[in-house]
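The values are calculated or read from the model by the stated rules, or taken from the named source; none is laboratory data. Computed from a predicted model, the values in this text were never measured in an experiment. Every residue, glycine among them, receives a Cβ derived from its backbone with ideal geometry; neighbour counts consider all protein chains shown.
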Amino acid sequence: MRASYLLVKDIHVAADIVIVGAFSKKEITQSVLVKNDIPKEWLATLNTTSLGKQFTGDKGQHLYLPNDNKHIYFNGLGKKESFQDEDLRRFVANALHQAKSHRSARRIGFWVDSFLPGKKCEESLFTAVETALLTDYSFHKYKSKHEEDKLEIIFFINKPASFKTKADKILELAKFSASSINFCRDVVNEPPNHIWSETYAKEIEKDVKAHLKNKGVKIEILGKKELQKERMNLFLSVNAASAHEPKLIHLTYTPKKTTTKTKHIALVGKGITFDTGGLCIKPSGSMANMKFDMAGSATVYAAFRVAVLAGAPYKISCFMGITDNAISNNATMPDSIFTSRGGKTVEVLNTDAEGRLVLADVIDYACDFNPDEIIDVATLTGAVVQALSEKACGLMGNNDALVNRLLKSSREKSEPTVHLPLFDFYLEDMRCPIADLQNIGSRPTGGAQKAGAFLKEFVRNDIPWAHLDIAGIGDTQGHLPYCPKKGGSGMMVRTLVHYLTNGEI
Ligand code: BES
Ligand code: ZN
Ligand code: ZN
């Protein structure tokens with residue numbers, strides 16, 4: 001799908017279907033229509049047809065008017081005062097699905113001025129473009145037959161030519177944001193026989209070269225030898241049975257202008273390309289879809305990618321710990337004890353609690369670079385899904401200010417996030433009689449927090465740290481019209497980008 005915009009006063013041109021938003025109370029819609037010199041016949045249909053007369057612009061109302069060769073699709077948006085960004089997203093996504101169902105439609109127009117809430121045009125245009133491109137995503141590369149979508153989406157904006165520079169920038173950023181989220185979805189959806197640690201690392205390297213060069217980004221990839229040298233024994237224990245080398249990708253971004261006060265944020269992502277559970281093997285029902293266990297790493301990479309292009313004001317490091325959790329005669333046996341990079345010993349009582357082992361060593365590594373804060377993202381526990389449902393993200397941390405900033409960011413981007421406190425008793429349950437820690441609790445309760453409490457032990461020097469458990473929200477979010485019915489959702493990328501760009505996007 002192509003997305004473009006037109007600065008026009010007259011939207012007669014260039015679309016087969018024009019999607020118009022209408023706030024409740026018809027007068028508002030009409031005054032917008034009149035103000036923008038829109039075709040008189042639209043107004044007439046709205047005023048004279050019986051369907052048109054019934055249309056009040058209340059939320060959820062639709063009015064589809066075929067009109068010669070140009071179709072108009074009115075969407076009730078409800079009260080203007082209560083129209084939020086998320087309403088805008090859902091409207092754009094639903095309307096796009098509708099318009100696409102008209103097979104003849106090739107050029108779909110969104111009339112931006114008709115759905116501008118009190119807010120600035122810039123923000124709404126960004127959200128509309130981003131949402132349209134997220135909605136249009138599909139993962140079809142393994143379909144032997146696929147009809148290429150020749151759809152074009154045009155955003156009509158009633159602004160003078162001087163708006164062009166701004167509009168260009170907004171479109172570029174919105175497209176890049178959507179393509180990054182879609183990249184994250186692709187990585188998650190890619191089957192395990194097509195992506196593994198080495199190919200994943202190559203893919204990231206290729207993407208960095210293609211999109212982030214000359215933008216202050218450096219990449220370093222550590223392999224097995226380097227991880228051994230770094231004594232990342234917990235990470236290596238997860239990789240023990242793998243046919244592939246473990247990879248630790250380390251990306252850094254330095255903004256153009258820095259001072260001694262420039263904040264340094266480290267992102268850490270769990271990248272298990274497939275989680276069999278190891279010798280504590282998962283039953284087949286739970287193992288299916290464990291290709292998605294790399295979503296944390298894909299999420300932090302996508303957020304890093306957008307933040308870089310948007311010229312984030314912070315120094316950002318991004319660490320992705322990548323391996324599969326496999327089974328072979330070398331597989332780590334439950335009861336094994338390993339010394340972590342930082343020196344703490346861990347008894348591995350369950351090889352299926354592997355994400356925390358990888359993250360523990362990578363968090364310790366990240367601490368070496370003295371970031372001002374660390375945010376890790378991981379599909380860490382089934383327990384977070386039990387606790388919050390599959391529609392929300394669990395957030396934990398050792399620093400209330402950081403947690404609150406992330407909560408605010410998630411609220412502003414409408415990505416449901418719940419703060420789970422890390423009470424001392426969670427950690428107590430992770431203490432081990434014969435090692436410093438064990439990798440699972442004694443009882444299967446409070447699993448998300450116990451995993452969080454475990455990770456917290458590997459954060460050094462009291463660096464503020466937060467942990468996002470996306471085991472639910474990272475996958476299938478079919479209830480959201482801008483997410484695919486099945487597969488990687490790319491959720492939480494927007495929250496992180498918003499955070500990393502200081503609320504700019
Ligand atoms: N990758 C899983 C967590 C997961 C489960 C993600 C379901 C998405 C959906 C993780 O490695 C895991 O297996 N965790 C175990 C921990 C347990 C052994 C303490 C779990 O949640 O069952
Ligand atoms: Zn596991
Ligand atoms: Zn896992």
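Of all residues in the range 261-281, those that are within 14 Å of ligand 3 (Cβ to nearest atom) have Cβ atoms under 8 Å from Cβ atoms of residues that are among the aromatic types (Phe, Trp, Tyr), 6 or more apart or on another chain, in GLY269/TYR301; GLY269/PHE319; GLY271/TYR200; THR273/TRP196; THR273/TYR200; PHE274/TRP196. Of the residues making up the range 237-261, those that are crowded, with 16+ Cβ neighbours inside 10 Å and either over 30 Å from ILE327 (Cβ atoms) or of a type outside the set (Gly, Ala, Ser) (or both) number 14. Any chance the range 448-458 includes a residue that's crowded, with 23+ Cβ neighbours inside 10 Å, more than 16 Å from ligand 1 (Cβ to nearest atom) and within 22 Å of VAL268 (Cα to Cα)? Within the range 448-458, one or more residues are crowded, with 23+ Cβ neighbours inside 10 Å, more than 16 Å from ligand 1 (Cβ to nearest atom) and within 22 Å of VAL268 (Cα to Cα). Residue check: is SER144 at pLDDT 90 or above, under 26 Å from GLN477 (Cα atoms) and exposed (fewer than 10 other Cβ atoms within 10 Å of the Cβ)? Answer is yes for this residue. Checked against the criterion of being within 16 Å of ligand 1 (Cβ to nearest atom) and surrounded by fewer than 21 Cβ atoms within 10 Å (Cβ to Cβ), the range 353-376 has no qualifying residue.
For (1) within 26 Å of THR254 (Cβ to Cβ); (2) in a helix (DSSP H, G or I); (3) free of Cβ contacts under 8 Å to residues at least 40 places away in the same chain; (4) within 16 Å of ligand 2 (Cβ to nearest atom), each residue gets a yes or a no:
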| site | (1), (2), (3), (4) |
| --- | --- |
| PHE338 | no, no, no, no |
| PHE369 | yes, no, no, no |
| ILE375 | yes, no, no, no |
| LEU380 | no, no, no, yes |
| GLN386 | no, yes, no, yes |
| LYS391 | no, no, no, no |
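Could you check the range 485-505 and list, in sequence order, the residues that are in a loop (DSSP other than H, G, I, E, B) and under 18 Å from CYS393 (Cα atoms)? Those that are in a loop (DSSP other than H, G, I, E, B) and under 18 Å from CYS393 (Cα atoms): LYS486, GLY487, GLY488, SER489, GLY490, MET491, MET492. Residue count for the range 284-314 satisfying the condition of being of a type in the set (S, T, N, Q) and part of a loop (DSSP other than H, G, I, E, B): 1.
Report yes if LYS150 is modelled with pLDDT under 95, crowded, with 17+ Cβ neighbours inside 10 Å, more than 18 Å from THR299 (Cβ to Cβ) and among the basic types (Lys, Arg), otherwise no. Taking the combined requirement at face value, the residue does not satisfy it.
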